[in-house]
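What follows is a set of notes on a single structure, which appears directly below.
Taken together, the values in this text are just the output of simple stated rules run on the coordinates, not laboratory data. Quick caveat: nothing in here was measured; it's all calculated off a predicted structure. Note that each Cβ is placed from the backbone with ideal geometry, even for glycine, and that neighbours are counted across all protein chains shown.
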Amino acid sequence: MLLEAKGVSKAFGSFFAVRNADLTVAEGEIIGLIGPNGAGKSTFFNCLAGDAAPTSGTVSFDGVDLTRASPDTHARAGIGRTFQVPATFEDMTVLENVVVGAYLRHPHRNDARSKALEILELTGLARFAHQRARGLGTPGRKRLEIARVLALQPRLMLLDEALAGLTPGEVQRAVELLRKIHDMGVTLVIVEHIMEVIMTLAQRVIVFNQGHVIAQGKPEDVVKDEGVIQAYLGRNHGKRRGAR
Amino acid sequence: MKIGLPLLALALIGYPFVLNDPFYRDIGVAVLLAAISASAWNVVGGYAGQVSVGHGMFFGVGAYVPLLVFQHGAWPPVVGVPIAMVLSVLLAAAIGYPTFRLRGHYFSMATIAIAELIRIYVGTVDYLGAAIGLQGPAVGRGWWDLTFRGELPYYYIFLGVLAVVLYATFEMQRSRFGSYLRSIRANERAAASLGVPVRQTKLRALMLSAAFTSVAGSLYSIKTGFIDPESGFGLLVSVQMLITAALGGAGTLFGPLIGALILVPLQAATNTWFGGGGSGLTYILYGGIIVLLARFEPGGLYEFWHHFSTRWRARHAA
């Protein structure tokens, strides 16, 4: 197993945002993480990326325990993550943003720079290289986040709503980019609200509700699951369907 | 910029001969010292965005040690310069190690508190000259005492040090270290997720900055031949570095120098126009600059110029 999370819980005071969640990801998989707002996806995600230490449970990557390791240790181990709200370095140029990531594997300036340029080419951001990140719109900044993470040459990419707020056309292009990244051998875990993206990309879907994993399996099976439908649409919807 | 740099260098080298009056030379030396201090502050306060309001402590250590080795060991003050650098770096490590565990303003607050504590403490220790201060050699025993009658030798020593500090900053800016500092300033959480060892990087920046600031302090006390707690560790010393860098553009290579070129002559002017009665004006001036920067252009004159020139180019390209 590439990533293995066992019994992960995260409590804020007496409130459990994530309760006893398990996740195993094999090399080369694309996993979708879905659930209604406030289901605990992002918190779980932060536990996987080292941004928040779980209250209990363990997270290991490629057999190495990373439960309490810092975010930069996660990056060095080969886990890259994007942020729900783009966290690009606004006053730095697009190229400089990517160079920061590239320095992880290429400590020398010229190597880091050429790696970054290569990635800008791949992600279609090359023509914005010398613009400040501030000047990019939301789609551009989301793309820049992906580019920056790609510069880490990660084995696993955690994408937190990387496609939210994009137009259908932009989503299409972003999906193509994610396919390309997957073809390069990067394993993907995607948190996403856009079901179209999950249905076309994910090989396996994990559904969160109120901090629990309530279902997992192939996307086409999961969307038919009664529990999942209830979680998204409420109990009444399930009843009405049953009555019909 | 390609013509700008040689022009600036030429202007700085030629200045004492163009305006060869001692008064103007003195202002020139003061500009250079302010530029060195602010450039030193800039490494951690500008590039890394960790605003220190207590850099006077490193300046003070740098200023005290050379006169201490003279007073108690009769050594040339210069001997104290490397000793002071080592002490400043150790002090930086002692402050940065605990405070950089925390995010936010804890670092800024800790720097003010510690600088003030040191200032008050030094004022009570007789060995350190207490409240009266320390004196350097009144008459140089040789060139190595660096006690010159005119301003000119100091001017060129300071200019040389400024050149070294700026060159080091330039190299830092282009390196991985510099790139990491800017990413921390922009977004700490994102930087960490990209493998930047945030705490360690901040700590290294503070230690480097402390070493440079210490040199600035040494230059000051060697030239003046006198130091007391207020002019070494005083809050105004710290604030002046911050304001100078912020005015020109914190986190830019030439920002602190530009700030010094504007601020120091302005202070000299207010002092001459208003005489001793206008000494409080310095505070009003600093306060006013803070208000203007915060309201209109937190990036300083560098950012102002950047916006202005991009807008101008956009208008004239169309």
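Of the residues that make up the stretch A:86-97, is at least one free of Cβ contacts under 8 Å to residues at least 40 places away in the same chain, within 23 Å of A:Phe208 (Cβ to Cβ) and either in a strand (DSSP E or B) or not small (Gly, Ala, Ser) (or both)?
From the stretch A:86-97, those free of Cβ contacts under 8 Å to residues at least 40 places away in the same chain are A:95-96; that's our starting set.
From the residues that got through so far, the ones that are within 23 Å of A:Phe208 (Cβ to Cβ) too are none.
No: the stretch A:86-97 contains no residue that is free of Cβ contacts under 8 Å to residues at least 40 places away in the same chain, within 23 Å of A:Phe208 (Cβ to Cβ) and either in a strand (DSSP E or B) or not small (Gly, Ala, Ser) (or both).
Taking the stated definitions as given, is B:Leu166 touching a helix residue (DSSP H, G or I) at 6+ places or on another chain (Cβ under 7 Å), touching a residue at least 60 places away in the same chain (Cβ under 8 Å) and over 30 Å from A:Asn110 (Cα atoms)?
Values: touching a helix residue (DSSP H, G or I) at 6+ places or on another chain (Cβ under 7 Å): yes; touching a residue at least 60 places away in the same chain (Cβ under 8 Å): yes; over 30 Å from A:Asn110 (Cα atoms): no.
Considered against the rule, which asks whether it is touching a helix residue (DSSP H, G or I) at 6+ places or on another chain (Cβ under 7 Å), touching a residue at least 60 places away in the same chain (Cβ under 8 Å) and over 30 Å from A:Asn110 (Cα atoms), B:Leu166 comes out as no.
Mind listing whichever residues of the stretch A:59-78 are within 19 Å of A:Val8 (Cβ to Cβ) and either more than 9 Å from chain B (Cβ to nearest Cβ) or in contact with a His (Cβ under 9 Å, 6 or more places away or on another chain) (or both)? Full working, then the answer.
Taking the stretch A:59-78 as the starting set, the residues that turn out to be within 19 Å of A:Val8 (Cβ to Cβ) are A:59-71, A:73-74, A:77.
Answer for the stretch A:59-78, where residues must be within 19 Å of A:Val8 (Cβ to Cβ) and either more than 9 Å from chain B (Cβ to nearest Cβ) or in contact with a His (Cβ under 9 Å, 6 or more places away or on another chain) (or both): A:Val59, A:Ser60, A:Phe61, A:Asp62, A:Gly63, A:Val64, A:Asp65, A:Leu66, A:Thr67, A:Arg68, A:Ala69, A:Ala77.
Would a scan of the stretch A:21-41 turn up a residue that is assigned to a helix (DSSP H, G or I) and either away from chain B (no Cβ under 13 Å) or more than 27 Å from A:Glu121 (Cα to Cα) (or both)?
Just the residues of the stretch A:21-41 that are assigned to a helix (DSSP H, G or I), to begin with: A:41.
Within this subset, residues satisfying the condition of being either away from chain B (no Cβ under 13 Å) or more than 27 Å from A:Glu121 (Cα to Cα) (or both) are A:41.
Looking through the stretch A:21-41, at least one residue is assigned to a helix (DSSP H, G or I) and either away from chain B (no Cβ under 13 Å) or more than 27 Å from A:Glu121 (Cα to Cα) (or both).
Taking the stretch A:113-146 as the search range and keeping residues that are crowded, with 23+ Cβ neighbours inside 10 Å, within 12 Å of another protein chain (Cβ to nearest Cβ) and not acidic (Asp, Glu), which one is nearest to A:Gly169 (Cα to Cα)?
Applying the filter and picking the extreme gives A:Leu144.
Within 14 Å of chain A (Cβ to nearest Cβ) and in a loop (DSSP other than H, G, I, E, B): is that true of B:Val139 in this structure?
Details: within 14 Å of chain A (Cβ to nearest Cβ): no; in a loop (DSSP other than H, G, I, E, B): yes.
Considered against the rule, which asks whether it is within 14 Å of chain A (Cβ to nearest Cβ) and in a loop (DSSP other than H, G, I, E, B), B:Val139 comes out as no.
Which residues, counting only those in the stretch B:142-196, are more than 22 Å from the chain's Cα centre (by Cα) and more than 14 Å from chain A (Cβ to nearest Cβ)?
Within the stretch B:142-196, B:Gly142, B:Trp143, B:Trp144, B:Asp145, B:Thr147, B:Phe148, B:Arg149, B:Gly150 meet the criteria.
Could we say that A:Leu95 is under 22 Å from B:Pro197 (Cα atoms), buried (at least 16 other Cβ atoms within 10 Å of the Cβ), in contact with a strand residue (DSSP E or B) (Cβ under 7 Å, 6 or more places away or on another chain) and of a type outside the set (Lys, Arg) here? Steps first, answer last, please.
On the way: under 22 Å from B:Pro197 (Cα atoms): yes; buried (at least 16 other Cβ atoms within 10 Å of the Cβ): yes; in contact with a strand residue (DSSP E or B) (Cβ under 7 Å, 6 or more places away or on another chain): no; of a type outside the set (Lys, Arg): yes.
Considered against the rule, which asks whether it is under 22 Å from B:Pro197 (Cα atoms), buried (at least 16 other Cβ atoms within 10 Å of the Cβ), in contact with a strand residue (DSSP E or B) (Cβ under 7 Å, 6 or more places away or on another chain) and of a type outside the set (Lys, Arg), A:Leu95 comes out as no.
From the list A:Gly32, A:Gly63, A:Gly7, A:Gly40, exactly one residue is on the phi > 0 side of the Ramachandran plot and within 17 Å of the chain's Cα centre (by Cα). Which is it?
Numbers: A:Gly32 fails: on the phi > 0 side of the Ramachandran plot; A:Gly63 fails: within 17 Å of the chain's Cα centre (by Cα); A:Gly7 fails: within 17 Å of the chain's Cα centre (by Cα).
Answer to the check: A:Gly40.
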